[in-house]
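Since the structure comes first, as structure tokens, the remarks are kept for the end.
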Amino acid sequence: MTLAQLNARMAIGVARPDLTADNGSDYSQFLNDAQREICRLHSWRFMLTEDTVTIPANQISVTLPSNFKELSSARSPVHLDVDGVLVPVDVWTDEKLRRLVRSQISTQIAVCVDWTATPPKLSVVEAQLSEPLDFVVKYFGYLDDLATGSTESNVLTNEHPEMLLAKAKSLAFATVNDSLAADMEALFMAKFRPAKTADLLSQIKGTQIRM
């Protein structure tokens, strides 16, 4: 379903011209807010992506992509690119790195996600690097905002349009303290829970699980 189609459905279901900037026909802000909230509540399979970031020489960190939410649940979500060969690196919490002596961790490069920065940064333990290091980071990333003429649709709008619409309506009605907000939120949760369960199962399907 495209942004235009979603807006048309919102115009019928909400029918509040006072909530939009275009005579009741553009609810894009509510739809984008709903999309962001849905991605915040659960790291969906379709959010999984990877990117290469480089920590320059004489630096200890690099800003992660602007859509970064969290590292993937893979055993090794961060790899060092050594001439095209991806070598897994240790990922620790910042607090654990500060407690341990570098030589006690391992002989490998170790990194952490610095959540004190906005956007978060990927940091190494070394006080200073003598040369640039390329890291391939697998992570869950927020979807780009829906926008006319550029990002009209995505996996969420195509696979879960009713869930997105319910959340957007809930946000819209809540803005004007309309009691329908609670009904729309309940409808959203009724669609969110089974979709989340199905997504979690799809992420482990085909993998070997050992007790």
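A short reminder: the numbers here are calculations on the coordinates, not readings from a lab. Computed from a prediction, not measured in an experiment: that's the story for all the values here. Please note: Cβ atoms are built from the backbone with ideal geometry, for glycine as well, and neighbour counts cover all protein chains shown.
Rank the residues 169, 121, 191 as a footprinting-exposure proxy: fewest other Cβ atoms within 10 Å of their Cβ go first.
The fewest-first ordering by Cβ neighbours comes to 191, 121, 169.
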When DSSP assigns beta bridges and you keep just the ones with both residues in the chain, what percent turn out antiparallel, to the nearest 5? 95 percent
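What's the magnitude of the charge dipole for the chain around its Cα centre, counting Lys and Arg as +1 and Asp and Glu as -1 at the beta-carbon? Answer in Debye, nearest 20.
840 debye
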Report the normalised scattering of the chain as log10 I(q)/I(0) at q = 0.08, 0.12 Å⁻¹, calculated by the Debye formula with identical scatterers on the alpha carbons. -0.39, -0.76
Between residue 70 and residues 5 or more places away or on another chain, the pairs with built amide H atoms under 5 Å apart involve 140
Highest-fluctuation residue, 71, 19, 201 considered, GNM on the chain with Cα pairs under 10 Å: 201
